[in-house]
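Data block below; observations after.
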Amino acid sequence: MLIVALVAVVATALLGLSHVYLWRRLVRDTSPDPRLRKVGTVLVVALGLLVPATLVGVPTGIAEPLAWPGYLWIGLLFYLLLFLVLLEVPRLVLLRWRAPSDGAEPAEDPGRRLLIARGVALVAGVAATGTVAHGVRTALGPPVLDRQQLLLPRLPRSMDGTRLVVVSDIHLGPLLGEGHVARIVDRINDLDADVVAIVGDLVDGSVAERGPGAAPLAGIRSRHGTFFVTGNHDYYSGHEEWIERLDELGVRTLRNERTELRIRGGALDLAGVNDLTGRDYDDGPDFEKTFADRDPDRPVVLMAHQPVQARSAARYGVDLQVSGHTHGGQMAPFGRLARLEQPVVSGLGDVDGVPVYVTNGAGFWGPPVRVGAPPQVTLLQLRSP
């Protein structure tokens, strides 16, 4: 509890300081008129209060109407701060620069200071608004298709070309409903899948709240089944009820287990481990159980929500791990921060000798904004030597 309280205090302080900085650059520096400054101050305070109201109220269902304005403001706030900070150096240079004179020290020019402040505010405002508008359009648009061909040295020749469709981080929730899920299912069904792997973070909300929105998942077409593993948000949303709901929709959850897939006369093990967050719910990953008594000559593809789980999987001879969780960074430059936690953020990488493919995810969390990391559905064509 002490750590939670400390984190809350630090987060609140940072939130307050960010809005104070925003007020200084966008209100105080640009508004000599006391009336306009008062209006701007009230607006900044209101927006500052909107952030905690959204982050606390929306996930609990208390303040769901705040979802769109609240999360949009969080996205815009981030990019306003980013561009204002980037403009600090040119702002200071312009303030200190003086035209050549007769040698006398020039007096401070309030009009020039005001002009620079308004120019900085205008550039930051236009850049941030344009970035967020592009990000919203990308986030709410159809997922792009990422095609990859991956060599699995132990894959039987008869299974060459096996089509594995990977999707993650759908985030069915207050901003993404049934239409979003249906659009993803349509994209999957265009790909003639042998197997579909949904690697976690399906929902933000309980079955009672979001269950109807998941109905399109029953329409997924796949020759050898659709499979799911838990992500951290699925635990926050009531994982046991969601696993039951997915079973009703024809989606099988792999809970620290594997299943044998026979495709065109060959065999492949598809394994799934629970997310690391499951440890807090007595449902954590168990690699020993997942791979017990496995035929070492048979190739195995592992579904695990977080890429970092490949470090535990490496000792079990995994041929390929498919993961999500990172959203590809979702909003640049967060991808660089994600690398501090996860060994692979987007695309194909190697973790302790295990090939790991990480999808950007098909939805989003928090701000409905994607910059530099479009939503994805992935087709992996598995190749034999």
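Residues are listed down the side, and each one gets a yes or a no for (1) of a type in the set (Lys, Arg); (2) in contact with a strand residue (DSSP E or B) (Cβ under 6 Å, 6 or more places away or on another chain); (3) surrounded by 22 or more Cβ atoms within 10 Å (Cβ to Cβ):
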residue: 279; (1), (2), (3): yes, no, no
residue: 283; (1), (2), (3): no, no, no
residue: 304; (1), (2), (3): no, yes, yes
residue: 343; (1), (2), (3): no, yes, no
residue: 365; (1), (2), (3): no, no, no
Query raised in the report: Out of (1) under 30 Å from residue 112 (Cα atoms); (2) at pLDDT 95 or above, what's the single condition that is false for residue 68?
Result: (1)
Report summary line: Condition set assigned to a helix (DSSP H, G or I) and among the aliphatic types (A, V, I, L, M), scope the range 235-252, selection surrounded by the most Cβ atoms within 10 Å (Cβ to Cβ): answer is 246
Report task. Within the range 167-186, track down each residue that is in a helix (DSSP H, G or I) and touching a residue at least 60 places away in the same chain (Cβ under 8 Å). Result -> 180, 184
Report summary line: When residue 147 is run through (1) within 30 Å of the chain's Cα centre (by Cα); (2) farther than 29 Å from residue 233 by Cβ; (3) outside the structural domain of residue 23 (by TED's automatic domain parsing); (4) not small (Gly, Ala, Ser), the failure sits at (2)
**Report entry** Selected residue (criterion: surrounded by the most Cβ atoms within 10 Å (Cβ to Cβ)) from residues of the range 1-47 that are among the polar types (S, T, N, Q) and modelled with pLDDT of 95 or more
**Finding:** 30
Query - Residue list for the range 26-64, restricted to those being in a helix (DSSP H, G or I) and either assigned by TED's automatic domain parsing to the domain that holds residue 365 or more than 30 Å from the chain's Cα centre (by Cα) (or both) - result: 27, 28, 34, 35, 36, 37, 38, 39, 40, 41, 42
**Report entry** Filter pass, residue 169 being of a type outside the set (A, V, I, L, M, F, W, C) and more than 24 Å from the chain's Cα centre (by Cα)
**Finding:** no
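The values are calculated or read from the model by the stated rules, or taken from the named source; none is laboratory data. Bear in mind the structure is a predicted one, so any value in this text is a computation, not a measurement. Here the Cβ is made from the backbone with ideal geometry for all residues, glycine too, and neighbour counts use every protein chain on show.
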